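Here's the structure we're looking at; comments come further down.
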Amino acid sequence: MDYSKWAAEYFMEAEKIYKKLYVLKKQYREQKEENNRELARRIMILYSMYLDCKHTGEILSRKGGEKIAFKPGSFA
């Protein structure tokens, strides 16, 4: 099994989720309060998914002999 390749796939998914989170957090700050509850719920779910992908990727990279700590790109 190629753990490094598998880890890279998890890191790519984490990056995609992180980008979506960035957009949603920006929307959250710009929206009125009555709309924020549902958006906050979506953000929490996506953040949980992001952490799952990030941590799984880090575990797989260690198992493959690498010690990669995932750091998402900057989207400012």
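The values are calculated or read from the model by the stated rules, or taken from the named source; none is laboratory data. Being a predicted model, the structure only gives us computed values, none of them experimental. Methodologically, a virtual Cβ is constructed for each residue, glycine included, from the backbone with ideal geometry; neighbour enumeration extends over all protein chains shown.
Data for the structure
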item	result
Single residue of region 9-21 satisfying the filter (surrounded by 17 or more Cβ atoms within 10 Å (Cβ to Cβ) and of a type in the set (A, V, I, L, M, F, W, C)) that is farthest from Lys71 (Cα to Cα)	Leu21
Selection within region 36-67 - buried (at least 16 other Cβ atoms within 10 Å of the Cβ) and either touching a strand residue (DSSP E or B) at 6+ places or on another chain (Cβ under 8 Å) or closer than 13 Å to Phe11 by Cβ (or both)	Tyr50, Cys53, Lys54, Thr56, Gly57, Glu58, Leu60, Ser61, Gly64
Some residue of region 22-41 being assigned to a helix (DSSP H, G or I), touching a residue at least 24 places away in the same chain (Cβ under 8 Å) and over 8 Å from the mean Cα position of the chain (by Cα)	yes
In region 22-35, residue modelled with the lowest pLDDT [restricted to those that are among the basic types (Lys, Arg) and exposed (fewer than 14 other Cβ atoms within 10 Å of the Cβ)]	Lys32
Lone unmet requirement of (1) surrounded by 13 or more Cβ atoms within 10 Å (Cβ to Cβ); (2) outside any helix (DSSP H, G or I); (3) out of contact with any helix residue (DSSP H, G or I) (no Cβ under 8 Å at 6 or more places or on another chain) for Met1	(1)
